[in-house]
Amino acid sequence: MQQLLSFFDISLVLPFIAVGFAAQLVDGALGMAFGVISSTLLISLGLPPAAASASVHVVETFTTAASGISHIAHRNVDWRMFLRLVIPAMIGGALGAYVLSSVSAATARPVILAYLLCIGCYLIWRGLLYPPRERTPRIIEPLGLIGGFLDAAGGGGYGPVVTSNLLVQGGSPRRVIGTVNTSEFFLTITVSATFIAALGLSAFTHATVGLLIGGLAAAPFGAVIAKRVPTKPLMILVGTVLIATSAYGIYSALR
């Protein structure tokens, strides 16, 4: 009973509502960062990595659904790219959740983050110095598989890995962001189901409730931002967020 009442204690839930709102606003607009921001916060507050990732993915099941519907309504989704992403992402997510539930994936995390840091620098350089030339990305399925695995195993990573690499290949930022956000809904369902099967319902806390409320409130706004912001500033913003989150992740992993 006491645990149930704590779910409705506004002093406990409010900080997580704010974090969920901010994280989802960034994620919906730029195609990344909800999992990274939320997982970093939960782990810093003492949650085990598996429990933090499970909690975040349960919340993302709802926020990615709302965000995906909004992107579909604003015609930000490339359906051919979506179909090529979603199945590999679900397979990778299930594998990553299983790995995190049984062994630590911390060894590879700094290497992946360093790679994403370099990608972020490249995106900013390209956005500043060159007018973007949009091309249809060719390498898609491997990105879905790797992004799904890292997302589950590291508590976040699908957006940074998939969005950044599709943009590097010349994809339209608006279409890439909308497609990645929409496909992520199916990934989060797969990962959440795997975590619940492996860990039970122990990961549900007032943090989960707060992140859910804040994330759902922000979800409709990201698609509007992605649709209206011009390509070059959007690419620079993606690179900036990628650098900031990757640099912080490297610092946290190595200290």
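The numbers here are math on the coordinates, done by the rules we state, and not lab data. Predicted model only: the values in this text are computed from it and were never measured. Positions of Cβ are backbone-derived with ideal geometry, glycine not excepted, and every protein chain shown enters the neighbour counts.
A few comments on the model shown:
- Listed peptides 13-25, 179-191, 217-229 appear in the order 179-191, 13-25, 217-229 once ranked by packing, highest mean of other Cβ atoms within 10 Å at the front.
- Between residue 12 and residue 125, the simple spin-label model (points 7 angstrom out along Cα→Cβ) gives 4.9 nm.
- Ranked list, fewest to most other Cβ atoms within 10 Å of each Cβ, for 85, 128: 128, 85
- Taking other Cβ atoms within 10 Å as a rough exposure proxy, 252, 67 sort from fewest to most as 252, 67.
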